[in-house]
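Data block below; observations after.
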Amino acid sequence: MSLIESVESNLFESSDLSLPYLRRSIEKLHAYKLDFSDIYIQQGSMEYWQLEDGLVKDSSFNLVKGLGIRTILGDKTGFAYANAFEQQQLDNALSAAASISRLGQSRKVNFCQAQPQDVYQHQLVMKDIGQSVKINLLQELDRKTRQLDEKVTQVIIGLSAADESILVVASDGIQAADVRPMIRLNITVVVESNGKRERGSAGLGGRYLWNDLIAMDLVQVAQQAVDQAVRNLDAIEAPAGSMPVVLGNGWSGVLLHEAVGHGLEGDFNRKGSSAYSDKIGQKVASDLCTVIDDGTLQDMRGSITVDDEGTPSQSNVLIENGILKGYMQDKHNAHLMGVKPTGNGRRESYAHLPMPRMTNTFMLSGNSEKDEIIQSVDKGIYAPNFAGGQVDITSGNFVFSASEAYLIENGKITAPIKGATLIGNGPRVLQRVSMVANDSCLDPGIGVCGKAGQSVPVSVGQPTLKIDEITVGGTQS
C-alpha cells in the first residue's frame, strides 16, 4: 500500500469522504472562474509531559482534525475550513471558499501523485509506549541531572511528541500525503551558590521515534544545561559599544533565521516590504556567505517530505557567495511573481492559510578554523547561544539577546558575560562577515518559528563566523 493510500485509509476510516470525492470536489470548484484551489486534510495528536522536582506537574493530550479549502483568483484568496471529515461539511466549505468568483465552465483536472523523497520515518512517535515508561524516563533523567553538580536546586524536564497526517488535493493536479512524526525533550536547571541563582537550559528533538530518543545520550543534554547555569554564576556584566563579535556554530543560526531568513520569504518580497526586495542577482552579503534552506535533511525538525500544498520539499540556494539567488515560495506568491514554488508553503493547521515559510535554514561552512577566528580578535565577544530577539523585516534591523556569551581578550576566550544584546541590521551584518569556519551544523532540534500568528517547527544553523563590527548593548561602557 502506498503512503497516500495508507493515509487515505486512516483518515477516512469512519467517514464518507474519500480521495475520489476530494478530486471530484476540486473539479466541482472549477466550474467557477478560479486560478487555483486546493483541499487540505489534517489529523494529528500531541502529548506533553512536564516533570518538576521529580513530580509530574503538567500533562496534556490534544487532538486536531479538520479540512481547509482555499481558492485563488488573482491576488484574492477565499478560504473556509471545518473540523469534521464529512461530505456535507466539505461541500459547505467549498461553497464558502468559491464565493470570491462567479460560476463559469467546469473543467477536467488530470491528477498525479507527488513523488517526494522520504526524509523521515512515516510512523507514530509513541505507538504502544505506556505512560509509566515515559514518566520513568523523566524521573531517571531528573535523578541523573541532580548528580551532575551539587549546586543544582531545581530540575524541570519537558517531553512533547506529535503525530500528524496530511492529505492535499489541488487543481494543478497534485495529490500528496505525508505522515510527520515529531519529538522534543527540554531540560531546564536552576543552580544556587553563595546566595546567587542562575538558570540554564538545553534540549534536542527531530522527526524521529521514541526508540531513537532513548538511544541518545540524554545525560549529555542535562550536562549542557548545568554547565550553562554554572557558568552564569560567575558571569560579569557585558561591555557595551561597537566591537567584533564571533558567533558560535549551530543554534546561533537563529539570528540568521530571523534577521535574514524571513526577509527572503516570497510574500514579503512580492509586496516590496523586505530589505531584500528586487535584489536578486545583487550582492547582499560577504563573498564568504552561502545560505541554504533545505527541507530534505534526514530526520531534522524543520524537514518535510512535501509542504502543505503538496509540493515536494527541496534544497534552495538563497544566497551564494554573497549574491542573492532567490526567495522561498509557496504556490500563490510564486504564481504572482512568475516563478516556481520551492516547497516552502507551510501552515500551522487546517484552519490556517499556507504562506512562504522556512524549513532548515543555515549557512555553509567556510575554510577557516574556529581557533583561528578567535585568535584574530583582540577585544570582542564570543556568543554561542541566543535566547531570542526582534526583527523589522522591512528595514532588516534586529535586536538579539545572548543566553551564553564570553569576552575575547588578546585572541582568547576569557570571562563569561551576561546581559549581552546584539543590535544591528541583517543585510549590513552579512556584509561584515570576514571569517567563516569549517564547522557548520544545525541546532539540536528545538526551533519554533512564528509568523502572522502561525507557528511551525524549523531548524537553524551556521558555522562559527566573525562579524568585524556590531553594536553590543551591555551594562559596561
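Summary table
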{"quantity": "Residue check for Asp278: modelled with pLDDT under 95 and open to solvent by 30 Å² or more (accessible area, probe 1.4 Å)", "calculated": "no"}
{"quantity": "Some residue of the stretch 122-134 being open to solvent by less than 30 Å² (accessible area, probe 1.4 Å) and hydroxyl-bearing (Ser, Thr, Tyr)", "calculated": "no"}
{"quantity": "Per-region count, the stretch 193-227, residues of a type in the set (Lys, Arg) and without any contact (Cβ under 8 Å) to a residue 40 or more places away in the chain", "calculated": "2"}
{"quantity": "Residue within the stretch 303-323 that is open to solvent by 30 Å² or more (accessible area, probe 1.4 Å) and touching a Phe, Trp or Tyr at 6+ places or on another chain (Cβ under 7 Å) present", "calculated": "no"}
{"quantity": "Residues that are without any contact (Cβ under 8 Å) to a residue 40 or more places away in the chain and crowded, with 22+ Cβ neighbours inside 10 Å, drawn from the stretch 343-379", "calculated": "Gly345"}
{"quantity": "Residue in the stretch 367-376 that is hydrophobic (A, V, I, L, M, F, W, C) and more than 18 Å from the chain's Cα centre (by Cα) present", "calculated": "yes"}
{"quantity": "Residues located in the stretch 31-43, provided they are modelled with pLDDT under 95 and either closer than 21 Å to Asp163 by Cβ or open to solvent by 30 Å² or more (accessible area, probe 1.4 Å) (or both)", "calculated": "Tyr32, Lys33, Asp35"}
{"quantity": "Residues (under 30 Å from Gly74 (Cα atoms) and open to solvent by 30 Å² or more (accessible area, probe 1.4 Å)) located in the stretch 10-30", "calculated": "Ser18, Pro20, Tyr21, Arg23, Arg24, Glu27, Lys28"}
{"quantity": "First in the stretch 381-401 and under 16 Å from Ala240 (Cβ atoms) and in contact (Cβ under 8 Å) with a residue 24 or more places away in the chain, second anywhere and of a type in the set (Asp, Glu) and open to solvent by less than 40 Å² (accessible area, probe 1.4 Å), Cβ under 9 Å, 6 or more apart", "calculated": "Ala383/Glu404"}
{"quantity": "Elements of type strands (runs of 3 or more DSSP E) in the stretch 350-452, at least 2 residues being under 25 Å from Glu198 (Cα atoms) and not charged (D, E, K, R)", "calculated": "379-391, 397-409, 412-418, 421-425, 447-451"}
{"quantity": "Checking Arg107 against (1) open to solvent by 50 Å² or more (accessible area, probe 1.4 Å); (2) within 30 Å of Gly130 (Cα to Cα); (3) assigned to a loop (DSSP other than H, G, I, E, B), the condition it does not meet", "calculated": "(2)"}
{"quantity": "Single unsatisfied condition, Gly241 versus (1) surrounded by fewer than 16 Cβ atoms within 10 Å (Cβ to Cβ); (2) on the phi < 0 side of the Ramachandran plot; (3) touching a residue at least 60 places away in the same chain (Cβ under 8 Å)", "calculated": "(2)"}
{"quantity": "Enumeration of residues in the stretch 408-435 that are over 17 Å from His257 (Cα atoms) and crowded, with 21+ Cβ neighbours inside 10 Å", "calculated": "Ile408, Ile417, Ala420, Met435"}
{"quantity": "Considering residues of the stretch 181-219 that are out of contact with any strand residue (DSSP E or B) (no Cβ under 9 Å at 6 or more places or on another chain) and farther than 18 Å from Asp53 by Cα only, the residue most open to solvent (accessible area, probe 1.4 Å)", "calculated": "Asn194"}
{"quantity": "Any chance Gly261 is crowded, with 22+ Cβ neighbours inside 10 Å and in a helix (DSSP H, G or I)", "calculated": "yes"}
{"quantity": "Residue in the stretch 68-86 that is hydroxyl-bearing (Ser, Thr, Tyr), open to solvent by 30 Å² or more (accessible area, probe 1.4 Å) and assigned to a strand (DSSP E or B) present", "calculated": "yes"}
{"quantity": "Filter pass, Asp163 being open to solvent by 20 Å² or more (accessible area, probe 1.4 Å), out of contact with any Cys (no Cβ under 6 Å at 6 or more places or on another chain) and within 30 Å of Leu17 (Cβ to Cβ)", "calculated": "yes"}
{"quantity": "Criterion: over 22 Å from the mean Cα position of the chain (by Cα), modelled with pLDDT under 95 and not β-branched (Val, Ile, Thr) - qualifying residue of Asp227, Asp234, Asp217", "calculated": "Asp234"}
{"quantity": "Condition met for Ala93 (surrounded by 15 or more Cβ atoms within 10 Å (Cβ to Cβ), in contact (Cβ under 8 Å) with a residue 60 or more places away in the chain, assigned to a helix (DSSP H, G or I) and among the hydrophobic types (A, V, I, L, M, F, W, C))", "calculated": "no"}
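The values are calculated or read from the model by the stated rules, or taken from the named source; none is laboratory data. On a predicted model such as this, the values are computed, not experimentally measured, just so you know. For neighbour counting, all protein chains shown are included, and Cβ atoms are generated from backbone atoms with ideal geometry for every residue, glycine included. Each accessible area value is taken on the protein alone, full model and side chains, heavy atoms only, with ligands, DNA and RNA left out. Shrake-Rupley method; radii C 1.70, N 1.55, O 1.52, S 1.80 Å.
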